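First comes the structure, then the notes that go with it.
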Amino acid sequence: MSASSFQALDYLEQLPVQTHRKLYEQPSTVLAIFRCMLPHLAKSIVMALLYMPAPFPAADLDAWFRTDSTQTKRGAMFILEKLHITVQKQDDARTLSYELYPSFASSLRQALEGSGSHRSFGVPSHKSEDKRVSVEFLDSYSQRQWENILFYLVGGTVGFRNAGGQDIGTGTKNLLQMAGFFHHGMITREGFTFVLRDTNAQVWSLLVAYLRNAPQLSMSETDILNFLFMLGSLELGQDYSTATLSATQLQMLEDLAEFGIIYRSHKAASTFYPTRLAVTLTSDAGALSQGAGSATGGGSTQKGFIIIETNYRLYAYTNSLLQIAILSLFTHMRTRFPNLVTGKITRRSIGRAISYGITSAQIIEYLDTHAHPQMQKTKPFLPPTVMDQIRLWEYERERMETTQGYLMREFPSEMMYKEYVQYAKDNGVLVWQNDKLRMFFVDSFEVVMAKVKRDKERTQARTMR
Amino acid sequence: MPPKKRKAEAAEAEVDGQEWSGGELSDADTFKRLENKFSLVGHQKPRHQTDGASGLFQNDQASQPLKPDHASRPMWVVEDGKIILESFSPLFPEAQDFLINIAEPISRVSRMHEYTLTAHSLFAAVSVGHTPDEIINRLEKYSKAVLNSTVVSFIKKSSAAYGKAKIVLKKTLSYIESDDPALLRQLLQDPVISQSLADSSATLITEAAPKFGQMMIPGTKMAAGANQIAQPELAAEEPEEPNKIIAALREDDEEEEEEAKVHSFQIRSETREAVIKQCWEIGYPLTQEYDFNNDQVNANLNIDLKPHAQIRYYQEKALSKMFSNSRARSGVIVLPCGAGKTLVGITAACGVKKSCIVLCNSTMSAIQWRTEFLNWSNINPDDIAVLTSMEKNVFPKSAGVLVTTYHMLAASGKRAHDTAAALKFIQEREWGLLIADEVHIIPAAMFKKVTYSVASHCKLGLTATLLREDDKIGTLNFLVGPKLYEANWQELSQQGHIAKVQCAEVWCRMAPEFYREWLNTTGSNSPKKQLLAVLNPYKFQACQFLIDYHHKRGDKTIVFSDNVYALTKYSIKLGCPQIHGGTSQHERQLVLENFRNNPAIHTIFLSKIGDTSLDLPEATCLIQISSHYGSRRQEAQRLGRILRAKRRNDEGFNAFFYSLVSKDTDEMTYAARRQSFLVDQGYAFKIITRLEGIEDRTDLFFRTLTDRKELLTEVCLAKESDAAEEHIAGDTFSMNLNKRKKGGARRTAGTLADLSGGAGMSYIEYNKTKNKELSKSKGVKNNFIRKLNSSHTNAKKRKAAGQ
């Protein structure tokens, strides 16, 4: 299970039980969840329960595990229960037992056996071989589309003149804004996290944002999920008919085409092609990192192109504008050749990146994952002094700690000041005090106000009397 | 600038020191103009934008076409002359050997190396025999992309201009020599040059070119067994039959290069300077070479390397560049400290075998040079003399070696009788070789003065760090010669010729009371601010901690502080001996001998007088507590103190270099700047924010607030003059920068007692320095030192008796 599918899992876990039940009616969805969302142990448990005629007593399940592994088992069971895949049962004798949720079990059986309706795994069109577009074309198409999105986020920030070659659609722009990646024409901290991730994780985080946004566009979440999971089981280079798709799914086609996840020859085409981004949705293999790079001729997303030296000079074997844009977020660029860019990491360049909201850890991770094969000969890949320095440059800026709150001052008497300071201290809201100036600072106004109110009432009561 | 000029006028110059300050300005202008003329900047075409990203780059060459087999070629060439080289390419070794000849190394870290093509580096390349076409072809061979036309034309232009004509001293007569007669004729057309001719008929002399590779560098394997092969005498035709020669010349023009010929014309020696300047002006700078084999006027010196002296491969490489063509070429050789610069100098002297003058930057190093000469060569001890403020000797015979300091030669004003006599001796001779040690520190004005007063055929500059913060290093190209060789630090340290060093920058938190005072002190560079940062109690503790730690490991430690007040404070508190500008010569020797031989003395404190040419192979750890602003050179020189560590070839041995920096002060920014040179040589500075175990120590000083407050009071009471950096008289350092900066009067606040000398009247020593202890206790002083001292005094007595 790759890191990228964690986001999808997180999202799935939050869904209500009804959505789960609806989802489990689709064999392709069930297979995808089984294949890439579940940890290995949970898979084994599901397989064991799949063909069991009767609920499986919990005690028997416990017997399968060594006592020192109950923690692992509990984790696996927790996920299964959260996704409502297993159901706990209690019979009359009060013995606890498990069984799979019936529609999940039947869908999975269908998927494995290939029985039942085939529509769930897409309906291939019957075009002849030569009319189809090539895999290379799909790869370059998806890469171009996807990089356009990333470039839209990054380009403007680093001051590229005409940010990005082609513009991206308004729908995508809105989505990026909704996802919190982009705000008032500036990339946000989340946006950087997004850009610096590997492609598969990027795709999922955008899709999760898309799902969250779905109800507002009156699209069915279940349909979207079903479609996405179906995409993961399709074959690259094959085109599929749109005839079986629901209204929501037809609406999705347009958006996904813009992301580069699917390809359609024109807007009204009766078929669509899944691209590499789509078919790797539910697998661990990196989406654009393999195959795609070589297909586009030593292209941008190939792994390992950055060399960084102990004198903070950076050399990147790339000609991709996107990568240059990303590097220039935290590097002072110097020279560009057809296949290499050089620059230097400086205190100022790192400082600028940090002011954008990028963390030193993100920079280091980016450099580490893209370290040139020559760098990978040493362990760690990056020079330790450089890593330390990048971190220190970040800490340097983080010496100020801010607290939102209220300054209390102008106390009429020393006694009253002391009383209030003590009160604030006792309630744990005091942040700072200065006895000389008779003022102090609290992070919660309400607590102090409550006392003010109480005191006022008391004095009022006293005067009344 | 070829500085042999004005040998005849040198005496006059010495009489009137002021003349030079006037003449200097115009020279500086000339330098500047020439540097601009031959820099690449002017050549650049306006940048053309290719896409949105172009604006990010200073140099965008994305449009330069890539060769189809670019993956197997190792380098990129930037329009501005910068070269980036992949060190992991199979072609790397040969490309590196080539680049070091034609370009200046900028950074040689590990995977990517950077060089830059400059007019001077191309000058050096041409002068050791590369042709412009060869340079371009080989660059094209290694380059991944097609070579930029700007670079090609730059190379052509620079190398066409440089090194085509040489100025040669033959039989103490000056000739302009070239293998291109057309060029010489062009020079002869020039009004200034034509007036300087020795022979008004303006004819060219032609002779066979000397063959390459006849020079044996002493100490190499080739030379070790065999006797020095007799140098073939060059057919030194005198211009007695001009017509015949011109006829031969014409023939030569037709039948292209059947035999290599050189052509020359003679100029009057006294016009050398004018000619050299004029050649610059018209764009044909002259190379200087010394045909020492044919010099029958100056007496030979009987000097050879001892059989046990084997020079290393990089020393040989450097020397072979100096001596190719069987002549000695002026220039600068750059080797890291501890890599055997002295031996290179001595070998050069053995090669030339003429009288040799060695200029050092301090008396201490002058003494070291003499010792090294006696160590490595078979020179008769009587033939080598030392001229310093303490010893004023000259050699008795017609040839010999004289070791002296820049300061001795440069100081103006009335000199002591014996000094004046010695100077006269120097000025009246013709020297075969001038060795300028630590050539980087010499300000141009002073160096000129020195070189004018010494008539030398050939100059060899030695340094580890060809760096100056004031950008005056370029003038050395003209004053001494081009850089002939620069060694790769990382390579030498991997091969064990210099020690491996772990570098660290230790960040010390400022003590709050000190920081408050620091913030309240106005003036960004005020001495008080610096003093507060240096005497930061936490820094003191870190220093103490590190000294202890390394003492326990068995290391010997040097602590450097530029600030003498802090130096004294530290050394007294920690009970370690110290040396600074005010320490007497005798005391210095004593402390150094003790550091070398006495196990009880494991740490010494040095001010900046210890930065250069101090040979302490015992030291394996270095701590720097204060430094001269952002001087990259000082940082490298200080690192050099531990590069020659004796134990460097032990398995897993590491020397340690610590730079202690007070956090949030100016020291932080300076530290980064200081390290930039070393970092480009491949040294990595680890930043230590916390010393492991320092909190648990209870024996550190200034642990309590009262102690710290007391220290703060002392610092606050320190006089401005105490806090300021030391100015050392007698060393070349302070001479330069401080003098001419401000013309106006200088006002200092002081008490009347200070002015009248009353402040020093009562002499009570509460805090005794360790130095005093060393000189008093007879027990510490070991036999060796006593013997050394007594033999020294005996020798003096004997000499006195002899005279």
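The values are calculated or read from the model by the stated rules, or taken from the named source; none is laboratory data. Since this is a predicted model, take the numbers as computed values, not measurements. All Cβ positions, glycine included, derive from the backbone under ideal geometry; neighbour counts span all protein chains shown. What goes into the accessible areas is simple: the full protein's heavy atoms, side chains included, and nothing from ligands, DNA or RNA. Shrake-Rupley method; radii C 1.70, N 1.55, O 1.52, S 1.80 Å.
At least 3 residues being buried (at least 18 other Cβ atoms within 10 Å of the Cβ), over 11 Å from the mean Cα position of the chain (by Cα) and not basic (Lys, Arg) is the threshold, and among the helices (runs of 4 or more DSSP H) wholly inside segment A:189-237 those reaching it are A:221-232. As for segment A:256-265, it holds at least one residue that is open to solvent by 10 Å² or more (accessible area, probe 1.4 Å), modelled with pLDDT of 85 or more and in a loop (DSSP other than H, G, I, E, B).
Taken residue by residue, segment A:349-357 has no member that is among the aromatic types (Phe, Trp, Tyr), within 14 Å of chain B (Cβ to nearest Cβ) and either surrounded by fewer than 20 Cβ atoms within 10 Å (Cβ to Cβ) or assigned to a strand (DSSP E or B) (or both). Residues considered: B:GLU140, B:GLU86. Of these, the only one that is more than 14 Å from chain A (Cβ to nearest Cβ) and at pLDDT 90 or above is B:GLU140.
Just one of the listed residues (B:GLU177, B:GLU134) is outside any loop (DSSP other than H, G, I, E, B), within 32 Å of the chain's Cα centre (by Cα) and closer than 30 Å to B:ASP60 by Cβ, namely B:GLU134. Of the listed requirements (1) surrounded by 19 or more Cβ atoms within 10 Å (Cβ to Cβ); (2) in contact with a Leu (Cβ under 7 Å, 6 or more places away or on another chain); (3) not polar (S, T, N, Q), B:VAL394 misses just one: (1). Put simply, of A:VAL421, A:VAL452 the only residue that is more than 14 Å from chain B (Cβ to nearest Cβ) and open to solvent by 30 Å² or more (accessible area, probe 1.4 Å) is A:VAL452. Within segment B:637-654, if we keep just the residues that are farther than 15 Å from B:THR557 by Cβ and either hydroxyl-bearing (Ser, Thr, Tyr) or not in a helix (DSSP H, G or I) (or both), the residue that is least open to solvent (accessible area, probe 1.4 Å) turns out to be B:PHE653. For segment A:85-106, the set of residues classified as under 16 Å from A:LEU50 (Cβ atoms) and open to solvent by 60 Å² or more (accessible area, probe 1.4 Å) consists of A:PRO102 only.
One residue stands out among those in segment B:91-113 that are free of Cβ contacts under 8 Å to residues at least 40 places away in the same chain and within 13 Å of chain A (Cβ to nearest Cβ): the one that is nearest to A:GLN376 (Cα to Cα), which is B:ARG111. Among the conditions (1) in a loop (DSSP other than H, G, I, E, B); (2) at pLDDT 85 or above, the only one that A:MET77 does not satisfy is (1). Scanning segment A:311-322 for residues that are open to solvent by less than 10 Å² (accessible area, probe 1.4 Å) and either assigned to a helix (DSSP H, G or I) or within 9 Å of chain B (Cβ to nearest Cβ) (or both) returns A:ASN311, A:TYR315.
On the basis of being within 14 Å of another protein chain (Cβ to nearest Cβ) and either assigned to a loop (DSSP other than H, G, I, E, B) or open to solvent by 30 Å² or more (accessible area, probe 1.4 Å) (or both), does A:PRO338 make the cut? Considered against the rule, which asks whether it is within 14 Å of another protein chain (Cβ to nearest Cβ) and either assigned to a loop (DSSP other than H, G, I, E, B) or open to solvent by 30 Å² or more (accessible area, probe 1.4 Å) (or both), A:PRO338 comes out as yes. Among the conditions (1) more than 9 Å from every other protein chain (Cβ to nearest Cβ); (2) more than 25 Å from A:CYS36 (Cα to Cα); (3) at pLDDT 80 or above; (4) in a helix (DSSP H, G or I), A:GLU365 misses just one, which is (2). Looking only at residues in segment B:279-298 that are modelled with pLDDT of 75 or more and in a helix (DSSP H, G or I), the one that is farthest from B:ILE193 (Cα to Cα) is B:ASN293.
Number of residues in segment A:45-59 that are surrounded by 11 or more Cβ atoms within 10 Å (Cβ to Cβ) and either basic (Lys, Arg) or more than 33 Å from the chain's Cα centre (by Cα) (or both) equals 5. Consider segment B:672-711 and keep the residues that are within 14 Å of chain A (Cβ to nearest Cβ) and among the aliphatic types (A, V, I, L, M). The one that is least open to solvent (accessible area, probe 1.4 Å) is B:LEU678. The number of residues in segment B:53-83 that are closer than 21 Å to A:ILE324 by Cα and more than 8 Å from chain A (Cβ to nearest Cβ) comes to 5. Count, please, the residues in segment B:582-636 that happen to be part of a helix (DSSP H, G or I), more than 21 Å from B:GLU505 (Cα to Cα) and open to solvent by 30 Å² or more (accessible area, probe 1.4 Å). So the count comes out to 6.
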